[in-house]
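The values are calculated or read from the model by the stated rules, or taken from the named source; none is laboratory data. Please read these numbers as outputs of a predicted model, since none were measured by experiment. Don't worry about glycine lacking a Cβ; one is built from the backbone with ideal geometry, like all the others, and counts go over all protein chains shown. These accessible areas exclude ligands, DNA and RNA; they are computed on the full protein's heavy atoms, side chains included. Shrake-Rupley method; radii C 1.70, N 1.55, O 1.52, S 1.80 Å.
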Amino acid sequence: MKTNHIKSLLWLAGAAALVSLSGCGNSSSSTPSTPSTHSTVSDNVVLTANTNDSTLSVFNIDTLGTLTKVDDLSVGYKPTDLIIHPNGKFLIVMNSASSNGSWDDNGSVGVYSIGEGGLTLVSESNMTMALNGAITPNGKYIYITNQNDFEISAFSIDSETGALTELSTSPYEEYEAHSIVMHPSGKFFFVGSEDGDIYSHIIYDENGSYSENTSNILEEDAFNWLAVTPNGEYLYAGYASGTGIYGYGINQTDGNLTILPGFPILNPASGLKSSTVTPSGKYIYFTSFDDNNVTGYAIGGDGSLTLIDSTATGTRPKSIDISSDSMFAYVANYGDNNVSAYSIETNGSLTAIDTYDVGDGPKRVITGYIPW
């Protein structure tokens, strides 16, 4: 097994548990749709997946939201997404390239155990250009989009060893899958496609298999990121090359989507690469890859969005995540190789704290908690 020993990590964390707010991808990203399981405890780490130099940057967070660099670790090849297993034992890394660094060769998904010696690779499965992942709240199954083949790969995860087993129904080839997010209930997941479709899938918990799409929403452009509110009632999607934001109501029985009144709305900036909802469910934020900012909205009880303002980021912001206490936001700036930190004010506006250097080409940022 491959082990990364990080001496400086020892003063940060022991081998207890990490809790992810991402998923989706995320997740989830963790995903942004998954309620925090440590809502009474503030996060104490920020992690970034740095695609161009195949590293993971680790930071400590203090109570004011400021970061202290711990280390840069080598993980996989061309990592694009990170998910921390709900039981806190494992870090799951999606890699978009093979061991020779080729974008045209097979990528992988790797599971690392988290311990006092750092990260130890305990399981790895090959797949084509792994992009974004979404894990069930119980940690039994993970679903990952493939950027090259635009399909879904599905795996079971052994909660004790971290071993991955690809499901017999995987990969699922139906559409040009790109973004993915889990419903907080673990009953459904949603996939955004390069063609502007959003698909709903019902998960069968007894074996992790899932239905053919139960809802197919066809719009006009690719959806690079999806976000679900913590109460599971609403899903939001933004155009990858435009300014449109779409909002949908989610049927709690079958996961079907229905567009909400007043949508689509036009975001002040274009090229919406990522979005995330605060764990409080009060606000949602969209990063603009083209205009280098993040736009915030207040979420109404009926799912409507009210513009708060836009805040400058670094160059080409790729990803955003929110701390579990809904007090801080962190943005991965792909073009500047850094992370911007912000405090979230009571009205949802963002106030810049500072920027922090990471590895080359950060595509994903997540927050987490390590109880020592």
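The table below lists the values:
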| item | result |
| --- | --- |
| Under 5 Å, built H, 5+ apart or other chain: amide partners of residue 260 | 247, 248, 249 |
| Range of Cα positions in segment 154-193 per principal axis (Å), largest first | 33, 24, 14 |
| Heavy-atom accessible area per residue - segment 50-198, 1.4 Å, Å² | 33 |
| Accessible area of segment 113-172 belonging to carbon and sulfur atoms, whole % at 1.4 Å probe | 43 |
| Relative contact order (%) - segment 183-247, alpha-carbon pairs under 8 angstrom, separation at least six | 27 |
| Whole-angstrom Cα spans of segment 132-284 along principal axes, big to small | 46, 34, 25 |
| For residue 225, distant residues with modelled amide H under 5 Å away | 238 |
| Under the Karplus curve 6.51 cos²θ - 1.76 cosθ + 1.60, θ = phi - 60°, whole-Hz ³J(HN,Hα) for segment 127-140, x wherever Gly or Pro sits | 7, 7, 6, 4, 10, 10, x, 9, 10, 5, x, 7, x, 7 |
| FRET efficiency for residue 204 and residue 263, using Cβ-Cβ distance with R0 set to 45 Å, rounded to 0.05 | 0.90 |
| Carbon + sulfur, % of accessible area of segment 180-308 - ligands and nucleic acids excluded, 1.4 Å | 47 |
| Highest-first arrangement of 227-238, 248-259, where packing means the average Cβ count within 10 Å | 227-238, 248-259 |
| Extension gain from residue 138 to residue 116, taking 0.36 nm per residue of separation minus the Cα-Cα distance | 5.5 nm |
| Extent along principal axes [Cα atoms of segment 228-340; Å; largest to smallest] | 43, 31, 24 |
| Förster radius 22 Å - calculated FRET efficiency between residue 211 and residue 126 (Cβ-Cβ, nearest 0.05) | 0.25 |
| Residue 349 versus residue 307: modelled label distance in nm, points set 7 Å from Cα along the beta carbon direction | 1.5 |
| Rounded accessible area per residue of segment 255-335, 1.4 Å, Å² | 33 |
| Dipole magnitude of segment 269-326 about its Cα centre (Cβ charges: Lys, Arg +1; Asp, Glu -1), debye to nearest 20 | 140 |
